[in-house]
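To start, the structure under review is shown below, and the notes come after it.
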Amino acid sequence: MFRKLSHFSILLIVMVAAILIMWGLTGTDFMSLGNFQSMAYQLPELGVLTLAMMIAMLTSGINLSIIATANLSGIVMALILTKTFPPESALINSPWLVVGAILTGLLVAIIVGLINGFLIAVLDISPILATLGMMILLGGVSLVLTDGYVISGFSPTMLAIGNKDWLGIPVPMIIFLACAGFMSLILNKTPLGTRIYMFGSNPVACFYSGVNNKVVLFRTYIISGIFSGIAAIIMISRFNSAKADYGESYLLLTILAAVLGGVSAAGGFGKVSGLIISLVILQMISSGLNLMGISNFFTLALWGIVLIFVMIVKYVIDIRAQKRWNA
Amino acid sequence: MAESFLSLKQVSKHYVGVTALDKVDFEIYQGEIHCLVGENGSGKSTMIKIISGTEEADIGSWIEIEGKSVHSHKAIDAINRGIQVIYQDLSLFPNLTVAENIAIGQYVANHQKIINWKELHQIAKKAMARINVSLPLDALVSEVSIADQQLVAICRALTHDVKLIIMDEPTSSLTKREVDSLLNVAIDMKTKGIATMFVSHKLNEVLQIADRVSVVRDGRLVGVYPSTELNDEKLTVLMTGKKVEYSRYVARENKNKPILECIGLSRQGEYKDISFKLHAGEILGITGLLGSGRTELALSLFGIHQPDKGQIKFYGQEVVIKSIQDAMELGIAYVPEDRISEGLVNIQSVGDNIIITTIDSLVNRFRLLDKNKIRNSIQKWVKDLSIRIPSAESPVQTLSGGNQQRVVLAKWIATSPKVLILDGPTIGIDVAAKFAIHEIIRDLAQKGLAIIMISEEIPEVFNNCNRILVMHKGMVVREFDTDLTSQDEIGNYVNGTY
Amino acid sequence: MKKLLNRHETYVFIAVVVFSIIITIINPNFFTLENLFDLLKSYSLMGTFAIGMLFVLISGGIDISFTAIATVAGYTIAVLLLNVGDHLNIYMVFLIAGSIGIALGFLNAVIIHVFRIPSIITTIATLNIFYGLLTVITKGKWLYGFPTWFGDFATTRVFTLYSAHGNPYGLSIITVIWIGLVFISWFLLRFTILGRSLYAMGGNVNSAKRAGFNIFGNTAFVYSYMGLMAGIGSVIQALLVQTVAPNSLVGKEMDVIAAVVLGGASLTGGTGSVIGTILGVTLIAIMGNGLTLMHVPALWYKVVIGLVILISVGVSAYRRKMSAHKRVIIEND
């Protein structure tokens, strides 16, 4: 309990520090409504993808194929949105086409999740290798589907998802919060959630306790796939296009954000609340630096530094707690 | 009188708030086979640490080696003075060959940089020759048996100029035949003037060949005895400080139809032609050596491996148990032998460990977890089984062995099983806590549960069971009514010497 | 024979042979010295990275940051080449790039060992730090126009042959450098206590501690060695394309890890060999090359590689499962 709390409190302190520093450096711009809104448009993409990564990490696995899944799912959506009817047809702007495209895209993401689950649960391939292979394979399928080109030009309904707001709250933010709420519900309020945490700490003992480990793994990677598919909706809508290699740099960032949020690299521990704070910290740094006109790449470096800093602080606290325990 | 190799004089070790050792005098002669026995937490592991130099004794203690007092006794000094420890986990490298495992330590110790593979094989062969064993030098350690791995660890110790080998719980994972060959190795080392110290928490085979036995309890040396003067009962009294009366359990008279019946159950390479009946309210004992098929039979009843032949009947109906889920559906529960890795999710909370088996029933009508139901369930089992915990949130690993086992029992009793299979229910648990666990088990039987108790400790099954099946090499060699036999007779069947 | 069948390398070798035969049947140009020398040259970069990665994986760790390390080293030497290129020679270039690689690798090792942060987390963070800072400082500018001696070295051949059309080809000096690294690495892993202790540490780190191995020393060595290979790789990359761009390597980490894993190294540590790694890289190389020669559109390349990886890890998972199954059968004679 002490350990979990302490990670959360370190995060809170870092978050407050990030706000104050960015405020101090950028002046009132940072605390403006406009800046908060733009942050709220940017955070959800990485946020939903991080949820997809997090659930795999909780089972002491990893899902390297989330970005490739999102791209494939987004490409399928984009193909349906742009290629099912001739451009002059009225149907191409129908909201029902958007619904159909999204559902098909999500179905693709679910199928990918099923395949990942099969590779990991049934064939017993380690998650990192199974999803690495899937990442490369799916990237290839996306390339073949698109010939390596960008598919762009969606209907206003589709664009609204990524770019409109509802009562001042950007739609992507609403989607992210819904996903985070859903994830939190699964982890804290369903038998599956308890099993995920238990499995992540000791799959053998779970097996001997009558937990159907295969089912847990299948569901984990299907949920991970669904989140990837939802991220795809936000991504293609915001970019107004889909492509085989969008967002590849997000992959390692999702691991970074999850670990920063307190998800244990060894599995079994991690909460959605920590993850949200971690995403907010990363977004604050990014937006603050952006306002100061500092390169995005400096943001990357700073994110890496913050991660190592938090891990070191955690290590020092752990060591002290251990010493107290021994004494 | 033999000459002393190592002696501890007035050795104490205090950790903050805890006295691990209190003025212990302890001596090992050159070329002696010595047993050090004591319960968990008696101080025997602290003694190993001090002898091997990984911990330093308090001021006022002193250590003599070959009659001379030594000032500093760090790990490297201990090795240079000819002391080697073989830990319970053996500390081998599974991915390296037997030869490398034996010889690599010498290269490191000599600060050599380059390996000469021929020379490395020579070193390994020389070590093997010292104890007259032959191991496949080019096989990976992960490919050889546990017994051979133990020999690898001994050979590795012998590459140093060794005078004392300490073996921590060496026989716990060996079959009878493997133990015998280990004992022969110890006798062989004795003829070469190498002393062996066996460390154990229970009386076992090594006692037969030991010269002397030292017993420790609560950080003090209780006494040193010639092994011929000791028997099981006497040793238990020395180790626990209590006169232990094993009370016998007598089951209710039971003329009902059996709950579980096995007819001619066989599985290739594991067990053969097993038939027995199990009634409500009964505790059926299954005993046998490691590798006798006792655990494998249990795993089949729990749906983990399917038998090749034979029938399982449950309340008279033939059933096929294909998975653990099937077994649970029928009402069969299994407490595994390895509590730490199979029984519990050690780093998660006591509460989650208790509810994991029944979690699907602890939900509300939206199929979401019901906090109240969960809390009530945890509280009920913590109270019923008197589990002592700071809070339901505490990780299981902070509990004592006895309390951990209660958590395992709790999670299975919570499923209201008809048949409870206990595999090694009190392994690694102190004597007092052991009896408490036995009380719980008897109580469950009295309430009508049918229980199978698998144990290699004959007193445990003898005193708790109505009937005992003795397994040997995969077969049931004899069924005993415990009223009509003795522990010695059972022991003969266990060892196949009938 | 039985021993050979137990080795992962054997299966990769068979795959390499089978694919080579298929490709040669379809397009005989594959099995020509010209093509093979060309392949060896162009895959020496991946081969160099893969060797460094092999050491890290054997010791039980992983390094994601090596592409960023190579980028930093490559950019540094490119700047030097452009400014004081006439005072430099190829040895100095390798020395500088190698030293930068070692220094950054050592930094990884310190963070991993001292603060007990898992290697994957540490190196994801340092990847972003090295890469981010470099791109900020350099503003992402591409560098080219190196001194002529640098270009000349890149086209140096140990011996030269001429094709039917009169085109010169031969064994490139770059390939020779790579082969040299392979031999050094093979020797280190096979014949030194250091190499064996890396296997030991990857197999069981607690036993390694008890046996008196220097764990920090080993950790520092593997990450520095990875760094050295990244540094050397950066020079090879600069030689091959005569251009240094900050974003040309980052993002390719997983390809290298995939090649090493194809070659039989385990992500849990303790296994892997130089010969396996070479075979893994070879398999990827001939597939990329073979698809081109078989006139399969380049778009299909990733699909094929992905499938090969999944089949390979699937087969080894299956074999592991089978041997584990054999092990539970108890002895009762």
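Some notes on this structure:
- Whole-number Å³ per residue for the convex hull built on Cα positions in chain B: 176
- For the protein assembly as shown, the fraction of C-alpha pairs more than 62 angstrom apart is 16%.
- Estimated distance in nm for a label pair at B:ASN184 and B:TYR315, the labels positioned 7 Å out from Cα along Cα-to-Cβ: 5.4
- Taking a ≥ b ≥ c as the square roots of the eigenvalues of the Cα gyration tensor, an a/c ratio of 1.5 or more together with a/b no larger than b/c marks the range C:44-255 as oblate.
- If R0 is 51 Å, the Cβ-Cβ spacing of C:LYS209 and A:THR104 corresponds to a FRET efficiency of close to 0.40.
- For chain B, averaging the sequence separation of C-alpha pairs within contact (under 8 Å, six or more residues apart) and dividing by the residue count gives a relative contact order of 15 percent.
- Cα centroid of the range C:229-259 to Cα centroid of the range B:6-21, whole Å: 59
- Beta bridges from DSSP with both residues in the protein assembly as shown: antiparallel share about 60 percent, rounded to the nearest 5.
- Inter-chain Cβ neighbour count for B:391-404, averaged per residue, equals 1 (cutoff 10 Å, partner chain atoms only).
- The range C:44-255 - percent relative contact order, Cα under 8 Å, separation 6 or more: 46
- The range C:44-255 - accessible surface per residue (Å², probe 1.4 Å): 37
- Student exercise, chain A dipole from Lys, Arg, Asp, Glu Cβ charges, in Debye to nearest 20: 1060
- Each Lys and Arg Cβ is given +1 and each Asp and Glu Cβ -1; about its Cα centre, chain C then shows a dipole of about 900 debye.
- A straight line joining the Cα centroids of the range B:379-435 and the range B:124-188 runs 36 Å.
- For the residues of C:185-196, the average number of beta carbons from a partner chain within 10 Å of their own beta carbon is 3.
- Rolling a 1.4 Å probe across all protein chains gives B:GLU439 an accessible area of roughly 100 Å².
- Within the accessible area of the protein assembly as shown, the carbon and sulfur atoms contribute 61%, probe 1.4 Å, all protein chains present.
- For B:SER12, distant residues with modelled amide H under 5 Å away: B:LYS23, B:VAL24, B:ASP58, B:SER61
- A simple charge model with +1 on the Cβ of Lys and Arg, -1 on the Cβ of Asp and Glu and nothing else charged puts the dipole of the range B:260-494 at about 880 debye relative to its Cα centre.
- Förster radius 41 Å - calculated FRET efficiency between C:VAL110 and A:ASN163, Cβ distance, rounded to 0.05: 0.35
- Spin-label model, B:GLU3/C:ALA298: points 7 Å from Cα along the beta carbon direction are separated by 8.0 nm.
- Average Cα contact separation per residue, chain A, under 8 Å, 6 or more apart, as relative contact order %: 33
- Placing unit charges on each Cβ (+1 for Lys and Arg, -1 for Asp and Glu) gives the protein assembly as shown a dipole about its Cα centre, and among B:SER181, A:HIS7, C:GLY263 the Cα reaching farthest toward its positive end belongs to A:HIS7.
- Per-pair calculated FRET efficiency, R0 = 45 Å: B:GLU329 and B:SER391 via Cβ, rounded to 0.05: 0.85
- Residue-averaged beta-carbon neighbours from other chains (10 angstrom radius) around C:306-317: 6
- Shape call, the range B:262-345: gyration tensor on alpha carbons, a/c limit 1.5: rounded
- Here the 3J(HN,Hα) profile of the range B:273-284, calculated from phi with Karplus coefficients 6.51, -1.76 and 1.60 at θ = phi - 60°, is 6, 9, 10, 6, 10, 10, 9, 4, x, 10, 10, 9 Hz, Gly and Pro shown as x.
- Taking 7 Å steps out from each Cα toward its Cβ at C:LEU95 and A:ARG320 produces label points 4.7 nm apart.
- DSSP-defined beta bridges in chain B - what % are antiparallel, rounded to 5: 55
- Selection from B:THR357, B:VAL476, B:ALA298, by position along the positive dipole direction of the range B:260-494 (Cβ): B:THR357
- For chain A, a/c is not less than 1.5, where a ≥ b ≥ c are the root eigenvalues of the C-alpha gyration tensor, and a/b does not top b/c. That puts it in the oblate class.
- For the range A:184-261 versus the range B:50-120, the inter-centroid distance based on Cα atoms is 47 Å.
- Screening chain C for DSSP H helices whose Cα atoms reach 18 Å or more along their own axis and whose mean Kyte hydropathy is at least 1.0 gives C:8-26, C:44-58, C:66-84, C:90-114, C:119-138, C:173-191, C:215-241, C:274-293.
The values are calculated or read from the model by the stated rules, or taken from the named source; none is laboratory data. Just so it is clear, the model here is predicted, and its values are computed rather than measured. With ideal geometry, Cβ positions are generated from the backbone for all residues, glycine too; neighbour counts draw on all protein chains shown. Areas reflect the complete protein model, heavy atoms only, side chains present, ligands, DNA and RNA absent. Shrake-Rupley method; radii C 1.70, N 1.55, O 1.52, S 1.80 Å.
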